[in-house]
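One structure below.
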Amino acid sequence: MKFKEWQYLREHPAVWRILLGIMVIPLVYAATFLASVWNPYGELHRLPMAVVNQDRPVKGLEWGNSVTRALVRNHTLQFHRFTEKRALQDLHSGKVYLILRIPTGASWRLSHLGSRAQVLKVTYETNAGQSAVAAKMGNSAMQKLQATLNQEVVQTEFNQLQMASAKLGQQLGETSKKLSQTTQAMAAGMVSPQITAADLAISQGLQQGSRQIGAQGHTVAKLKILSAPIKLVQHDVAPIANNGTGMAPYFMAISLFVGCITLNIIYDAGKRHGHSRNFLTAWLDKMAFLWGFVILAASGMWLGVWYINGLRPLAPVKTYLFGLLVIVAFFSIVTCFRLWLGLTGAWLMLLFMLFQIGCSGGTYPIELTNKLYEIVHPYLPMTIAMAGFRHTISLGGSIASIVGILVGIIIVFSLGTLGYFYAHRQDPVDD
């Protein structure tokens with residue numbers, strides 16, 4: 001039996017390079033993507049959060065300051081002490097993923113917990129539009145923090161009640177002893193105005209002590225009922241309808257990049273057709289066709305996520321037009337590499353896309369990945385595209401700077417493709 005395929009590979013060593021290149025694709029995809037999601041919950045201490053302390057201390061209690069210091073020094077979560085204005089700015093821009101706001105009267109209300117048992121509501125803000133996963137992780141962390149704060153406050157209050165009860169018990173014991181001595185003196189006929197006055201004072205002391213013990217007992221009953229005096233309430237500055245809406249920027253960017261790579265692998269953008277030998281005319285003819293094709297592909301994607309998935313962005317028209325800009329920018333990059341490096345360029349773009357899937361922070365916040373990913377993250381085309389989609393889908397706001405970057409990418413890499421047509425202007429033209 002003759003192995004014709006092995007014989008063919010020996011005669012065509014270039015095919016080996018193609019096969020080896022294909023062989024490493026699963027390795028690159030698995031390694032890069034797994035590296036981005038390897039242990040995110042074990043890296044929560046790297047997720048930046050802000051604490052805004054608006055509490056006003058009262059005599060004997062500075063709860064806001066105490067909690068703020070504990071959170072900033074804590075190694076489980078990465079809290080930073082911010083002002084209200086800066087915290088909101090960083091939350092909207094994605095520099096922090098959660099704001100814990102300690103209200104103004106927290107210390108006063110907790111100091112009166114024994115007499116006025118009310119739930120203290122502490123709000124925290126998330127930004128699901130920026131990162132739906134980070135919002136969920138922050139919510140989980142705040143639930144654990146709520147349990148810890150409740151345990152500490154209730155324990156402190158019970159300790160104070162025990163100390164107060166012990167002190168009252170001691171005072172009542174001394175009062176009872178004095179009353180007993182007075183009673184013995186009265187029985188022996190040693191009654192005097194001074195003793196009568198002392199007796200009255202002792203009786204009043206006993207009555208007051210009994211009332212205080214009753215009040216303390218009533219407070220203990222309240223605390224037992226109100227076992228959770230602190231409640232953390234979530235508020236999202238950019239809520240999303242569902243998980244799919246939060247993940248849409250990530251998957252839309254991936255799909256547009258995949259489409260550009262597939263087109264360049266199947267369709268040879270460098271082959272000219274017709275009798276024109278003018279490189280500019282040939283370039284315009286080729287790019288007008290291919291740009292029209294990718295714009296139709298992006299339009300198809302938009303119709304799919306709108307009618308099939310039910311995506312409803314804040315700005316639908318802007319989202320659609322931005323998607324067209326993104327696919328033209330991606331196509332310009334991929335086509336430039338494909339023209340100059342052939343199929344090797346398309347292969348490099350495929351690896352680049354797989355690398356971006358892990359480094360763009362589409363699943364978990366980029367702070368929970370490794371340092372290399374954090375460094376390259378802001379400069380990746382998919383990161384830039386995802387930032388724009390987040391604004392048009394759920395965050396709102398201007399995308400002028402992002403549009404400027406994408407237009408710059410289109411110009412630079414289009415000049416690269418134009419340069420290829422100029423360099424090959426003397427090549428034969430297919431009819």
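The values are calculated or read from the model by the stated rules, or taken from the named source; none is laboratory data. Values in this document were obtained by computation on a predicted structure and should not be read as measured data. Positions of Cβ are generated from backbone atoms using ideal geometry, with glycine treated the same way; all protein chains shown enter the neighbour counts. Note: areas computed on protein heavy atoms with side chains; ligands, DNA, RNA excluded. Shrake-Rupley method; radii C 1.70, N 1.55, O 1.52, S 1.80 Å.
Tabulated data
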| item | result |
| --- | --- |
| Subset tally (residues that are open to solvent by less than 20 Å² (accessible area, probe 1.4 Å) and in contact with a helix residue (DSSP H, G or I) (Cβ under 9 Å, 6 or more places away or on another chain)) for region 56-76 | 3 |
| Of the criteria (1) open to solvent by less than 40 Å² (accessible area, probe 1.4 Å); (2) modelled with pLDDT of 90 or more; (3) polar (S, T, N, Q), which one Ser36 fails | (2) |
| In region 123-132, the residues that are aliphatic (A, V, I, L, M) and at pLDDT 95 or above | Ala128 |
| Ala87 under 26 Å from the mean Cα position of the chain (by Cα), surrounded by 15 or more Cβ atoms within 10 Å (Cβ to Cβ), of a type in the set (Gly, Ala, Ser) and closer than 23 Å to Leu110 by Cα | no |
| Flag for Ile213 being at pLDDT below 95, among the β-branched types (Val, Ile, Thr) and either within 30 Å of Ala87 (Cα to Cα) or in contact with a strand residue (DSSP E or B) (Cβ under 9 Å, 6 or more places away or on another chain) (or both) | no |
| Filtered residue count, region 264-279, keeping only those that are modelled with pLDDT of 90 or more and of a type in the set (S, T, N, Q) | 1 |
| Enumeration of residues in region 91-116 that are over 8 Å from the mean Cα position of the chain (by Cα), open to solvent by less than 40 Å² (accessible area, probe 1.4 Å) and either within 19 Å of Ala147 (Cβ to Cβ) or free of Cβ contacts under 8 Å to residues at least 60 places away in the same chain (or both) | Ile99, Leu100, Arg101, Ile102, Pro103, Gly105, Ala106, Ser107, Leu110, Leu113 |
| Region 117-126: number of residues that are open to solvent by less than 60 Å² (accessible area, probe 1.4 Å), over 30 Å from Ile402 (Cα atoms) and among the polar types (S, T, N, Q) | 1 |
| So Ala31, is it surrounded by 12 or more Cβ atoms within 10 Å (Cβ to Cβ) and under 30 Å from Met349 (Cβ atoms) | yes |
| All positions within region 119-159 that are over 30 Å from Pro249 (Cβ atoms), touching a residue at least 24 places away in the same chain (Cβ under 8 Å) and not β-branched (Val, Ile, Thr) | Leu120, Lys121, Gln146, Leu149, Asn150, Glu157, Phe158 |
| Helices (runs of 4 or more DSSP H) contained in region 291-391 and holding at least 2 residues at pLDDT 95 or above and open to solvent by less than 40 Å² (accessible area, probe 1.4 Å) | 316-341, 343-359, 381-390 |
| Test: residue in region 414-421 that is over 25 Å from Arg46 (Cβ atoms), open to solvent by 60 Å² or more (accessible area, probe 1.4 Å) and out of contact with any strand residue (DSSP E or B) (no Cβ under 9 Å at 6 or more places or on another chain) | yes |
| Those residues of region 298-350 which are touching a residue at least 40 places away in the same chain (Cβ under 8 Å), over 15 Å from Ile384 (Cα atoms) and aliphatic (A, V, I, L, M), in sequence order | Ala298, Met301, Val305, Leu311, Leu314, Ala315, Val334, Leu339, Leu343, Ala346, Met349, Leu350 |
